[in-house]
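The structure appears right after this line, and notes come after that.
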Amino acid sequence: MPGPLTSYADFYQHSIDQPDAFWTEQAKLIDWFAPFTRVCNNDKPPFAHWFEGGKTNLCHNAVDRHLATRGDQAALIYVSSETGIEKTYSFKELHLEVQRMAASLKAMGVVQGDRVLIYMPMIAEAAFAMLACARIGAIHCVVFGGFASGSLASRIDDASPKVIVSADAGSRGGKVVAYKPLLDEAIRLSSHKPEAVLLVDRALAPMDMTPGRDLLWADLRAKYMQAQVPCEALDSTAISYTIYTSGTTGKPKGVQRDTGGYAVALAASMKHIFDGQPGETYFSTSDIGWVVGHSYIIYGPLIAGMASIMYEGLPTQGMDGQPNGGVWWSLVEKYKVTAMFSAPTAVRVLKKQDPAYLKKYDLSSLRALFLAGEPLDEPTARWISEGLNVPIIDNYWQTETGWPLITLMSGSTNGVERKTPKFGSPGVPMYGYRVKILHESTGEELTRPNEKGVVVIEGPTPPGFMQTIWKDDARFVNTYWKSVPGKMVYNTFDWGIRDEDGYYFILGRTDDVINVAGHRLGTREIEESISGHAMVAEVAVVGVADALKGQVAMAFVVPKDAAALTDASAAFKLEGEIMKRVDGDLGAVARPSRVRFVSVLPKTRSGKLLRRAIQAVCEGRDAGDLTTMDDPAALEQIRDRVKLG
Ligand code: PRX
């Protein structure tokens, strides 16, 4: 690293001009069992391999390396307003629990490279399971607990896990959601069958145990109470995990990440972006089923030697289960949280609560609130910024990137001054990312300020970025790297502009992905589920702007029986059935907010569904160029149905 770099521009430029020197410096933020011999191997683009030759372990960096210096300090703070349980695990205690879990997995036959699918609510055992996998070199595949049997089954088939770790139930807003029947149904539906299922019994719902397959965590934990399981020295490029995300097709993509690059990327982001200091407390309100949970509930804060709060429950529910819009702020006060990470949708929920909650607690420990996952609207940003009186840092990234791509650097320990935030913009490109805006159809770079185009990244992509799509290099290349004409660049599938000061503004997806309350969903997946209903001839699902959730899914269905078009009670019944079907296949997160029946869907003459036009009509905007549309009356029907509310 050249002398101290005090401006963002210099810091960023150094990362771009001298990536090897830059990342070698960042790599010092973690422990290595063996040093790397090559910083970045980009011989076969777009596959960037980071820190080749190096050996390390994510669990060692998150847990073991802190034992000597801060073993008795808090590592994982588990708080559930669903069950009223609140428990702090020190680094030493976490170390013991993770080894018990690692020994249990090994006893079930799990070896390096095996997949372990984790389908769990937000409980501490989920963190133990992830860290235990990392410890022994197994690949974890965490599936969001809000997903139902159909989604889970397709992920079981794709990941082919040797073992599944799960629990009897989750709980949301005091309502118990039994996981075990959903899991059993998913295993029945999937072609691949796991050899063993490890179950945490929270005593929330009864469990039917399958003899010879299902085991109880309590039994194995007792057996391996004193287990000592060392961290495997893994290749930097060894796969640490896959996480499924939605895209244009109905088949979810297993985003695959490495070990060393990810550890370095997270350690660097904790320092340069999140300003996390060892011994402090980090609070991310996300879920382990999402990438934010992987990077900033589990690995990032722990690698930085911070305590991480893992919260189960709604933002509006107190520890006694009663409504309480101040529960998160009470945790900030109690655990002296210095950095908090949430999503705009959660802030919009809190905004509806009594503003007195913000004044009730001592929030002076907090240095910044980070928000990500969806566009941050100005009223929400202003409200929370005035309420907390700390900088609100929007950050833009994706499951694929693993850590923020566009945001503002923190400045407190690295000496780089934080640029002034601009409402509506997540900020500027982060070190290591060559971000460009290209014309959607010509691929030409748009360099003038405020020209709208597709946000892309030029390779080689930085450490922590996805390695590939699990088991499908061709899909990785074709989906992400060959979709802009004439250029091999990574397509984010987001629209964006860059203003005259170099700040980016993200203007929504270019594809069929929608964002409901910070949850990324593929409209195609929802369509597939709906079209499986016997009464459905055709369906189009679009995302429609919503003041609270950002977007909601709306389905337009052509029924096989015209009764649903004319008879309100038939329509009501079918709508209910369709919603139930989506609940069963994908989970309530994917349920459309409304299902409307039409006799024909708007398409081009070549038969392509005009989703953007449907969406525009639903949002009361101009439907754009419709010269290729087959039947203009189709859009009129949509307009009529939307008017009905
Ligand atoms: O469309 C962008 C939107 O969320 C997508 C990524 O979602 P996911 O893979 O679930 O990863 C979330 C990690 C934070 C992006 O393609 N998005 C994410 N952050 C922002 C955003 N849109 C606008 N502003 C953001 N800060």
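Values in this text are rule-based calculations from the coordinates and carry no lab data. Just so it is clear, the structure is predicted and the values come from calculations on it, not from any experiment. Ideal geometry is used to build each Cβ from the backbone, glycine not excepted, and the neighbour counts take in all protein chains shown.
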- Message: Can you give the local net charge around Leu601? Use residues other than it whose beta-carbon is closer than 15 angstrom to its beta-carbon, Lys and Arg +1, Asp and Glu -1.
- Response: +3
- Extend 7 Å from the Cα of Leu189 along its Cα-to-C-beta direction; within the stretch 138-169, residues with backbone N under 15 Å of that point are 143-159
- Message: For the stretch 106-221, compute Rg over Rh where Rg is the Cα radius of gyration and Rh is the Kirkwood radius from the inverse mean 1/r over Cα pairs.
- Response: 0.93
- Task: Scan around Ala167 for amide H atoms under 5 Å from its own, H built in the peptide plane at 1.01 Å from N, and keep only partners 5 or more places away or cross-chain.
- Result: Val200
- Among 623-629, 18-24, how do they line up from the highest to the lowest mean number of other beta-carbon atoms within 10 Å? 18-24, 623-629
- Item | Set of aspartates and glutamates near Lys573 by C-alpha distance (under 18 Å), chain-local residues within fewer than 8 positions excluded | Glu538, Asp561, Asp583
- If you keep only loop residues by DSSP, which GluC sites (Glu not before Pro) in the stretch 466-565 have at most 15 other Cβ atoms within 10 Å of their Cβ? Glu500
- Item | Kirkwood-Stokes translational diffusion coefficient of the chain, alpha-carbon pairs, 4 °C, 1.567 mPa s, µm²/s | 51 µm²/s
- Task: List, in the order given, every pair from Lys180/Lys251; Lys92/Lys162; Lys271/Lys419; Lys92/Lys336; Lys334/Lys359 whose Cα-Cα distance in the structure shown is over 18 Å.
- Result: Lys180/Lys251; Lys92/Lys162; Lys92/Lys336
- Query: Counting DSSP beta bridges in the stretch 170-329, what percent are antiparallel, to the nearest 5?
  - Reply: 60 percent
- DSSP beta bridge pairing in the stretch 238-384, given as percent antiparallel to the nearest 5: 35 percent
- Measure off 7 Å from each Cα along the Cα-to-Cβ vector at Arg38 and Thr447, then give the distance between these two points in nanometres to one decimal. 3.3 nm
- Cα extents of the stretch 155-269 per principal axis, largest first, Å, are 46, 43, 33
- Task: For Thr566 and Asp157, compute 0.36 nm times the residue count separating them, minus their Cα-Cα distance, and round to one decimal in nm.
- Result: 143.1 nm
- For Arg65, Arg155, Arg135, Arg605, what's the fewest-to-most ordering of other Cβ within 10 Å of each Cβ? Arg605, Arg65, Arg155, Arg135
- Would you tally the net charge around Ala517, using a Cβ to Cβ cut-off of less than 10 Å, leaving Ala517 out, and scoring K and R as +1, D and E as -1? 0
- Take every Cα pair under 8 Å in the stretch 207-340 that's 6+ residues apart, average their separations, divide by the length, and report that relative contact order as a whole percent. 18 percent
- Computed over the Cα atoms of the stretch 1-115, what is the ratio Rg over Rh, Rh following Kirkwood? 1.09
- the stretch 171-320 - charge dipole about Cα centre, Lys and Arg +1 at Cβ, Asp and Glu -1, debye rounded to 20: 320 debye
- Query: For Met340, what is the net charge nearby, where nearby means another residue's Cβ is under 15 Å from its Cβ and Lys, Arg count +1, Asp, Glu -1?
  - Reply: -2
- Query: Residue farthest toward the positive end of the dipole of the chain, with Cβ of Lys/Arg at +1 and Asp/Glu at -1: which of Leu189, Leu376, Pro559?
  - Reply: Leu189
- Can you put Ser569, Ser308 in order of Cβ neighbours within 10 angstrom, beginning with the fewest? Ser569, Ser308
- So, relative contact order of the chain in percent, Cα under 8 Å, 6 or more apart, is 12 percent
- Query: How do Leu609, Leu507, Leu117 rank when sorted from fewest to most other Cβ atoms within 10 Å of their own Cβ?
  - Reply: Leu507, Leu609, Leu117
- Taking every DSSP beta bridge that has both residues in the chain, what percent is antiparallel when rounded to the nearest 5? 60 percent
- Message: Past the 17 angstrom mark, what percentage of all C-alpha to C-alpha distances in the stretch 496-618 do you count?
- Response: 58 percent
